[in-house]
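Read through the structure below, which is laid out as structure tokens, and then see the notes.
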Amino acid sequence: MIHLIGQTLGQYELIDVVGEGGLATVYKAYQPKLERWVAVKVLHSNNRDLLARFEREAKAVAQLRHRNILIVYEYGEEAGWPYIAMEYVQEGTLKNYLTGRPMDGDRVVTLAIPIAQALHHAHEHGLIHRDVKPSNILMPQPDWPLLADFGLVKMQNPDAAITNSDIIIGTPAYIPPEQAKIEPVDPRADMYSLGVIMFQMVTGCLPFEYKNPNEMINAHISEPAPSPHQFNPGCPPKLAQVILTALQKLPENRYANLQVMTGALQEILQGTTKPLFSAGMPVEVPLSPAEVGPMPPNHGLQTVPRQEVKILLKDDNITLDVPEPNKDGLIIGRSHSKAQAEIDLAPYGALEAGVSRRHARLLRQGEMWLIEDLGSMNGTYLNKKKLDSGVPTPLQNGDQVRCSKLSFVFLI
């Protein structure tokens, strides 16, 4: 690619390179007539298919009017160089905010909601992004994400497809399973990619960490997504549930659309009672003070008396006391040099029984106890039913719990 710094394309004087990829270069440019800075994306090639896709991106995004979608001003061609003129954002992208350390759960939610709303707006206009990733989310302000780079946009009209159907397109770290398998995609493909981003924000890492792109793609296709709690025990349970729903391998197991997912995210921020589900029946679970935050007078949670809680190891006929949980709950598993399990099953044959070091977690919300699988290798079972990883499920006195092959009875 020959850099065009100092040249003029249409009304735009190209000043500096702000981004470069395999297909195009983005320049910071000045538009003298309107006395403003713009971003100009210049295609490297005049290949007919690439040119068609480039023009399609400009036309597609030009239809969209949303506070969280980057504005496209113009599409043109000058001296053999096809270009798109767009809104210029100086502050960088969401990728700059991903430092390898977990973000606060509320911040993850407040950033994810407008991104989900922007994607839903695009979907309502018949557009699927297909390359949702942190570097394609610009950040004019710390709380203002802008969805950008619709270079792989797909019309929800099969006649509009241009991309070769035998080529995997997208970014391996964020690619939905169906897109990786070169199967037809719908808006829930973008939902999966957003789920990966949310996982990365709340844990500081990707759900699948492979250096080889092919291994990364295969993981998205075949490996179950781990629970965010496995990497960040402080992740709010409801947020983990939303992320794991978005990361389901089959699109039909995700939310119906981004609007429904947005509603689930908004519920996390609301200081109201939220439903959990056990055996298909809703159970109202009060939020903990840490989740709710400051409450107005007379609306806080009442102090709950100390309960005597134990677990009975059936095979050994041994009863263990369950301590009062902290805000992050009680880890059930095997203690080791780097981490302690509050309910340590190692002395009772946990290793031989296949119990993971961080196998499950006990949580207390008000007077209710819940159990959550933490992405264990061999599963957690409640009354013979396998629990979904990352989804807290209510416990009752006398419930039978099995961590891999080690069983116990929950007693209040």
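The values are calculated or read from the model by the stated rules, or taken from the named source; none is laboratory data. Note that the structure is a prediction, hence the values are computed from the model and not measured. Every residue, glycine among them, receives a Cβ derived from its backbone with ideal geometry; neighbour counts consider all protein chains shown. Ligands, DNA and RNA are excluded from the accessible area calculation, which covers all protein heavy atoms including side chains. Shrake-Rupley method; radii C 1.70, N 1.55, O 1.52, S 1.80 Å.
Key figures for this structure:
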read-out	value
Surface accessible to a 1.4 Å probe, per residue, for the residues of the stretch 221-268, Å²	39
Computed magnitude of the charge dipole of the stretch 58-141 (debye, nearest 20; Cβ of K, R +1, Cβ of D, E -1)	280
Fully extended contour minus Cα-Cα distance, from Leu51 to Glu78, at 0.36 nm per residue	8.4 nm
Computed label-point distance, nm, for sites Gln90 and Leu34 using a 7 Å Cα→Cβ extension	1.8
Cα lying deepest toward the dipole's positive end in the stretch 1-99, options Tyr27, Ile5, His66, charges on Cβ	His66
Carbon + sulfur, % of accessible area of the stretch 298-412 - ligands and nucleic acids excluded, 1.4 Å	47
Highest average packing first - 233-242, 134-143, Cβ atoms within 10 Å	233-242, 134-143
Counted charge near Leu98, where neighbours are those whose Cβ lies closer than 14 Å (Asp, Glu -1; Lys, Arg +1)	+2
Filter on Lys33/Lys59; Lys133/Lys327; Lys28/Lys181; Lys310/Lys385 - keep pairs with C-alpha separation over 25 Å	Lys133/Lys327; Lys28/Lys181
Estimated FRET transfer efficiency (Asn326, Gln266; beta-carbon r; R0 35 Å; 0.05)	0.80
Approximate spin-label separation Met377-Gln400, in nm, with each point projected 7 Å along Cα-to-Cβ	2.5
Per residue solvent-accessible surface (Å²) - the stretch 330-412, probe of 1.4 Å	45
Separation of the Leu351 and Ala339 label points, Cα + 7 Å toward Cβ, nm	1.8
Ordering of 87-99, 388-400 by burial proxy (mean other Cβ atoms within 10 Å per residue, highest first)	388-400, 87-99
Sorted peptide list for 244-254, 10-20, criterion being average Cβ within 10 angstrom, highest first	244-254, 10-20
Computed FRET value (nearest 0.05) for Lys385 with Gln63, which takes r as the C-beta separation and R₀ as 41 Å	0.30
J(HN,Hα) series, the stretch 249-264, from Karplus relation 6.51 cos²θ - 1.76 cosθ + 1.60, nearest Hz, glycine and proline x	5, 8, x, 5, 8, 8, 5, 4, 6, 5, 5, 5, 5, 4, x, 5
Cut-off under 5 Å, modelled amide H: who pairs with Glu74 long-range	Ala85
Separation of alpha-carbon centers, the stretch 172-201 and the stretch 205-228, rounded to whole Å	11
